[in-house]
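Taking it in order: structure first as structure tokens, then the write-up.
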Amino acid sequence: MFKSIIIGQYLPGDTFLHRLDPRAKIIALALLIAAIFSIRSYWGYLVMAAVVPALLQSAKVPLTYAFRGLRPVLYILCFTVLVHFLTTRGGEVLLHFGPLRVESDGVYLGLFMALRIIFLVITTLLLTLTTSPIVLTDGLEYLMKPLKGLGVPAHEIAMMMTMALRFIPTLMEESDRLMKAQMARGADFTTGSIFHRARSLLPLLVPLFVSVFRRADELAIAMEARCYRGGEGRTRLYELKAKPRDFAGVASAALLLAVIVWARL
């Protein structure tokens, strides 16, 4: 079950998206998210349904691998669709069972909200799949530099965000290992109701928290042993330099947003 969580993983490659500057990718992602939230009709969703697979293809990320990352949000998708089906009123009545009614506007809005979540998850996954944690940290820190004048610790925030993303797969592997160890001792995590399975996961919490704190302590010691004292005066082996392809990537995302907003797609 934990193999479906791919956020925080990095797939090395030499594609156009891999070579983009991390700052350009973060800005382009923000523009894509704004475009997704600006969609007003099914034409806009059709445009995004063409753009997102094209981005996956350009990054050489298989569709099956990307959609596997949707499994952790499957319950959220189902809940979103169900709520809109049962609560949104308007249009033709499609199903009427006692006090429950499903109307066409509810189906329309529920499916479109599910598509919006799918596009948001996949486009966000593209950022982590095509950007290494170190490079992502540099990009986040550079974009947050203007906040330093307000006393915001830009380097520390960027470092914490990237470390959190980096250790998600590690924690999932640790959880999977603990679950297999418990199953070898007779624990059952696969049968029964969803509440029974959730309750059976409680014994995993204590060893998992112990492992998390142990890893955090080891990481802190390793960083101190390498004389890490924050971002003040820190230099980089490779300085970020924007290239024409970076401006082209940001411009493409901005153009998509402009078209969706202007044409009211």
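Some points to look at:
- Being over 14 Å from the mean Cα position of the chain (by Cα), among the polar types (S, T, N, Q), at pLDDT 85 or above and not in a helix (DSSP H, G or I) is a condition met by at least one residue of the stretch 38-58.
- Among the residues of the stretch 215-265, those identified as outside any helix (DSSP H, G or I), of a type in the set (A, V, I, L, M, F, W, C) and either farther than 30 Å from Met48 by Cβ or at pLDDT 90 or above (or both) are Cys227, Leu237.
- The set of residues from the stretch 127-159 being closer than 28 Å to Thr15 by Cβ, in a helix (DSSP H, G or I) and small (Gly, Ala, Ser) comprises Gly139, Ala158.
- Sole exception among (1) over 14 Å from Arg116 (Cα atoms); (2) touching a Gly at 6+ places or on another chain (Cβ under 9 Å) for Pro53, by number: (2)
- Matching option when the condition is modelled with pLDDT under 80, part of a helix (DSSP H, G or I) and surrounded by fewer than 17 Cβ atoms within 10 Å (Cβ to Cβ), among Thr190, Thr124, Thr170: Thr170
- Out of Leu82, Leu77, sole residue that is of a type outside the set (Asp, Glu) and either over 28 Å from Thr64 (Cβ atoms) or buried (at least 16 other Cβ atoms within 10 Å of the Cβ) (or both): Leu77
The values are calculated or read from the model by the stated rules, or taken from the named source; none is laboratory data. Because the structure is a prediction, the values reported are computed rather than measured. All Cβ positions, glycine included, derive from the backbone under ideal geometry; neighbour counts span all protein chains shown.
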